[in-house]
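Taking it in order: structure first as structure tokens, then the write-up.
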Amino acid sequence: MIKNITVIGSGVMGTGIAISFAINGYPVVLNDLNDEFLEKAERRIKQDLALLVEEGAVTSTGKADAIKNIKYTTDLADASKDADFIIEAIPEVIDLKWSLYHKLEDLKKESAIIASNTSTFPISRLVEKASFANKMIITHYFNPGHLVPLVEIVKHEQTEKKVVEDTIQLMRDIGKAPIVLQKEISGFVANRLQTALMREAFYLLKEGIASAEDIDTAVTAGPGFRWAFTGPIEIADFGGLDTWQRVFENVAPDLDQSMEAPEMISKLVAEQKLGAKSGEGIFRYGDESVSDKLKERDRAFIRLGNLKQ
Ligand SMILES: NC(=O)c1ccc[n+]([C@@H]2O[C@H](COP(=O)([O-])OP(=O)(O)OC[C@H]3O[C@@H](n4cnc5c(N)ncnc54)[C@H](O)[C@@H]3O)[C@@H](O)[C@H]2O)c1
């Protein structure tokens, strides 16, 4: 039975992942390289929990319990020794991940499941330098990890069937919506779908078809409004497959087919305009407006989550 959870890496994803378990009664150990990172993570976790309380998604007692459920340590041995389920959310650098798995070999319980939150590495690459392929799995959360229900699960051919079943059950127990990939593919499912849409969004912007704001509205007020409840496959059925056949025939040849990042993105990156985190990207941001916007985004996600339940 899975009881003790360890989250390695307390950054953007690790904090949300830790909350997703802690608010559902699981004891969590959060590990990072130094106390400063962990203190920052603790502050962020408390802020995120406060918003959940403000929105009525968690009670004040639930918040206090969740805070008690999370322990913080820089000691990897201490963090791993009792863990039934270890999920790593360290940076997307293969050597860092391999080096961590190597250390875990001697520190983890034999039965422990090792999950990676990788967004790009196939599991066959992750296990290349890990001796525990049978216990290894990908659980790909979405940002913010405590609010977005989807978790993509990717198994290796050596991953034990029970590891897959227990991981699916664990994700369901904490209120997530897990999906299981039957084969390896880069970008998994959701990021492939998202990238296909974003390629076209940046093409429309480049061609001057609509403003950046209007392209965003076309998604949030249009297909995106439906997508929270109706996926693209069902939409094809609801719209009529004959209609969608004609849509594909008329529109697909005109869609952007580029194989590289949009030029606009590459140009801005070269100028160190990285988006919200540097104050300017496609849009401009002041410090306060970014944190306010993220808070409003999270508030909307909590409300949507409540609605979807
Ligand atoms: N940011 C996203 O939107 C997102 C979404 C889905 C998946 N992911 C994936 O999640 C993982 C983490 O991404 P992130 O955005 O949270 O990164 P991040 O940079 O915000 O956080 C990574 C944390 O890991 C810590 N760390 C580094 N090496 C460590 C080690 N050996 N032991 C313990 N801690 C260590 C760092 O100090 C940092 O606090 C990556 O694999 C990324 O691809 C990210």
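The values are calculated or read from the model by the stated rules, or taken from the named source; none is laboratory data. All of these numbers come straight from a predicted model, not from anything done at the bench. All Cβ positions, even for glycine, are placed from backbone atoms using ideal geometry, and neighbour counts span all protein chains on display. Protein only, heavy atoms only, side chains kept; ligands, DNA and RNA dropped before computing areas. Shrake-Rupley method; radii C 1.70, N 1.55, O 1.52, S 1.80 Å.
Between Trp98 and Glu157, what is the label-point separation in nm under the 7 Å Cα-to-beta-carbon projection?
So the label points at Glu157 and Trp98 sit 2.1 nm apart.
Which FRET efficiency, nearest 0.05, do Gln182 and Ala218 yield, Cβ-Cβ r, R0 25 Å?
So, using R0 = 25 Å, E works out to roughly 0.15.
Contour minus end-to-end for Leu33 and Ala261, with contour as 0.36 nm per residue of separation and end-to-end as the Cα-Cα distance?
Between Leu33 and Ala261, full extension yields an extra 78.8 nm.
Below 27 Å, Cα to Cα, which lysines can Lys109 reach? Residues fewer than 8 away in the same chain don't count.
In chain and number order, the partners are Lys3, Lys68, Lys71, Lys81, Lys97, Lys129, Lys135, Lys155, Lys161, Lys162, Lys176.
At 10 °C and a viscosity of 1.306 mPa s, what translational diffusion coefficient does Stokes-Einstein give for the stretch 182-262, taking Rh as the Kirkwood radius over Cα pairs? Give it in µm²/s as a whole number.
Result for D is 110 µm²/s.
Given +1 on the Cβ of Lys and Arg, -1 on the Cβ of Asp and Glu, and no further charges, what dipole in debye does the chain carry about its Cα centre, rounded to the nearest 20?
Working: 37 positive and 47 negative charges, 132 e Å.
Roughly 640 debye, rounded to the nearest 20.
Assign one of three labels to the stretch 168-308, namely rounded, prolate or oblate, based on the Cα gyration tensor with a ≥ b ≥ c the square roots of its eigenvalues; rounded applies when a/c is under 1.5, prolate when it is not and a/b is larger than b/c, and oblate otherwise.
oblate
Contour minus end-to-end for Val247 and Thr120, with contour as 0.36 nm per residue of separation and end-to-end as the Cα-Cα distance? Walk me through the intermediate numbers first.
On the way: separation 127, 0.36 × 127 = 45.72 nm, distance 3.11 nm.
Length gained, Val247 through Thr120: 42.6 nm.
At a 1.4 Å probe radius, carbon and sulfur cover how many percent of the accessible area of the chain?
Within the chain, the accessible surface is 55 percent carbon and sulfur.
Under a 1.4 Å probe, what is the accessible area of the stretch 54-111 per residue, stated in Å²?
On a per-residue basis, the stretch 54-111 sits at 53 Å².
May I ask you to list the aspartates and glutamates whose Cα is less than 14 Å away from that of Lys273, ignoring any residue fewer than eight positions away on the same chain?
Counting by Cα, and skipping residues close in sequence, Lys273 has these aspartates and glutamates nearby: Glu263.
Considering the options Pro27, Ala201, Leu304, tell which one lies farthest towards the positive end of the dipole of the chain, charges being +1 on Lys and Arg and -1 on Asp and Glu at the Cβ, about the Cα centre.
Result: Pro27.
Largest first and in whole Å, give the semi-axes of the chain's equivalent ellipsoid, each being the square root of 5 times a Cα gyration tensor eigenvalue.
Rounded to whole Å, the semi-axes are 34, 24, 21.
Counting DSSP beta bridges in the stretch 5-181, what percent are antiparallel, to the nearest 5?
Given both bridge residues lie in the stretch 5-181, the antiparallel proportion sits at roughly 15 percent.
Go through Val93, Val7, Ile174 and say which Cα lies farthest out towards the positive end of the charge dipole of the stretch 5-181; charges sit on Cβ, +1 for Lys and Arg, -1 for Asp and Glu.
Ile174
For n ≥ 4 DSSP H runs only, could you compute -39500 (n - 2.57) per run for the chain, divide by its residues and tell me the 222 nm figure to the nearest 500?
One gets -15500 deg cm²/dmol as the mean residue ellipticity at 222 nm.
Considering only DSSP beta bridges with both partners in the chain, what is the antiparallel share in %, to the nearest 5? Walk me through the numbers on the way to the answer.
Numbers: 7 of 31 bridges.
Counting only bridges with both partners in the chain, antiparallel ones make up about 25 percent.
Multiply the residue separation of Asp287 and Asp173 by 0.36 nm, subtract the distance between their alpha-carbon atoms, and state the gained length in nm to one decimal.
On the way: separation 114, 0.36 × 114 = 41.04 nm, distance 3.69 nm.
In short, 37.4 nm is gained.
Would you tell me the accessible area of Tyr101, worked out with a 1.4 angstrom probe on the heavy atoms of the protein chains, in Å² to the nearest 10?
0 Å²
Which value, in debye to the nearest 20, gives the size of the charge dipole of the stretch 5-181 about its Cα centre, when Lys and Arg are +1 and Asp and Glu are -1 at the Cβ?
On the way: 20 positive and 26 negative charges, 47 e Å.
Here the size comes out at about 220 debye.
According to a simple spin-label model (label point 7 Å from Cα along Cα-to-Cβ), what is the distance in nm between Ala77 and Val189?
Result for the modelled spin labels: 4.2 nm.
Going toward the positive end of the dipole of the stretch 190-308, with +1 on Lys and Arg Cβ and -1 on Asp and Glu Cβ, which of Ser278, Ile235, Met264 do you reach last?
The listed residue farthest towards the positive side: Ser278.
What dipole magnitude, in Debye to the nearest 20, does the stretch 190-308 give about its Cα centre under +1 on Lys/Arg Cβ and -1 on Asp/Glu Cβ?
Around 460 debye, computed over the stretch 190-308.
Sort 191-202, 209-220 by the packing proxy (mean of other Cβ within 10 Å over each peptide's residues), most packed first.
Listed from highest to lowest mean packing, they are 191-202, 209-220.
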